[in-house]
Amino acid sequence: MHFLSHINGLWKVRRKVFPNVDACGYVKIFTNNKLETILSEKFLINHRYLSTYGINEFLIKIIKNKIVFFFNTGPNKGKLFQKFELSLFPKTSIFYCCKDTYQTNLFYINKNYFRITHKVRGKKFFFINTHYFKTNNINLFKNFFK
C-alpha cells in the first residue's frame, strides 16, 4: 500500500502562507476514467483585509516508483510540479520556477491526515504550511463557491 491508495475522498484544507496569509477550503481527490488521481482544491484566501477565492488542480501519477504531481490547470497544465520517492517518508522534492526554488515536503500521517509544506526561496521568500483533514460531507465541497 502507498500514499495514493489512501487519499481518495474529500478533505478540509487549512493553509498558512507565512508571514501573513491564511487560506481554508476543501480538496476533492478522486480517480478519473483513465485511472489517474486528480487533486482539486477550492479555497478562500484571506490577506489582511482582502479575501479572494482560488482553485488548484493537480494530476498525480505513479511513475517508476515515484509519486509525480503535474499541473492540471492554467498555463503550466501538463508540466511537472513535484516528484517524490514512493518508498520514503517524509518525502522531499525540488521545483524550479523562473528565479524561485520550491522545496516541498509531503508528510503522510495517517489515512485521515496529511501535510504538505513548501519553502520558496529566490526572488520570493515565504513558507507555505498546508494541513489536510479527511471529511465525508461532499456538500461542503460542492457548495463552497456558491
task = Calculate, axis by axis, the spread of Cα positions in the chain along the three principal axes, and write the results as whole Å, longest axis first.
result = 44, 39, 30
query = Once the Cα gyration tensor of region 64-116 is diagonalised, what are the square roots of 5 times its eigenvalues, in whole Å and ordered largest first, as equivalent ellipsoid semi-axes?
reply = 21, 13, 12
ask   = Once the piece of chain linking L86 and V21 is laid out straight, how much longer is it, given 0.36 nm per residue of separation minus the C-alpha distance between them?
value = 20.3 nm
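Give, rounded to the nearest 20 debye, the magnitude of the charge dipole that the chain has about its Cα centre when Lys and Arg contribute +1 at Cβ and Asp and Glu contribute -1 at Cβ. If you can, show how the numbers build up before the last one.
Details: 25 positive and 6 negative charges, 31 e Å.
Roughly 140 debye for the chain.
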message = Pick from I67, I29, I55 the residue whose mean-square fluctuation is largest in a GNM of the chain, springs joining Cα atoms under 10 Å.
response = I55
request  = Step through the residues of region 34-44 one at a time and calculate ³J(HN,Hα) from phi using the Karplus curve (6.51 cos²θ - 1.76 cosθ + 1.60, θ = phi - 60°), rounding each to whole Hz and writing x for Gly and Pro.
outcome  = 9, 6, 9, 8, 10, 10, 10, 10, 10, 8, 9
key: Sequence of R15, R115, R121, R48 once ranked by neighbouring C-beta atoms within 10 Å, starting from the fewest   = R48, R121, R115, R15
request  = Using the Karplus curve 6.51 cos²θ - 1.76 cosθ + 1.60 with θ = phi - 60°, work out ³J(HN,Hα) for each residue of region 53-69 in order, rounded to whole Hz, and write x for Gly and Pro.
outcome  = 8, x, 9, 9, 8, 10, 9, 10, 9, 9, 10, 6, 6, 10, 8, 10, 9
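Taking the highest mean first, how do the peptides 81-87, 131-137 order by number of other beta carbon atoms within 10 angstrom per residue? Can you show the working numbers first?
Values: 81-87: 16.7, 131-137: 15.1.
Answer by packing, highest mean first, reads 81-87, 131-137.
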query = Under the definition of Cα pairs under 8 Å and six or more residues apart, what whole-number percent is the relative contact order of the chain?
reply = 21 percent
remark   = Once both label points are put 7 Å beyond Cα along the C-beta direction, the T135-L4 separation in nm becomes 2.6 nm
Over the chain: helical MRE at 222 nm, DSSP H runs n ≥ 4 each giving -39500 (n - 2.57), nearest 500 = -500 deg cm²/dmol
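The numbers here are math on the coordinates, done by the rules we state, and not lab data. The model shown is predicted, which means the values in this text are computed figures rather than measured ones. Here Cβ is always computed from backbone atoms with ideal geometry, including for glycine, and neighbour counts include all displayed protein chains.
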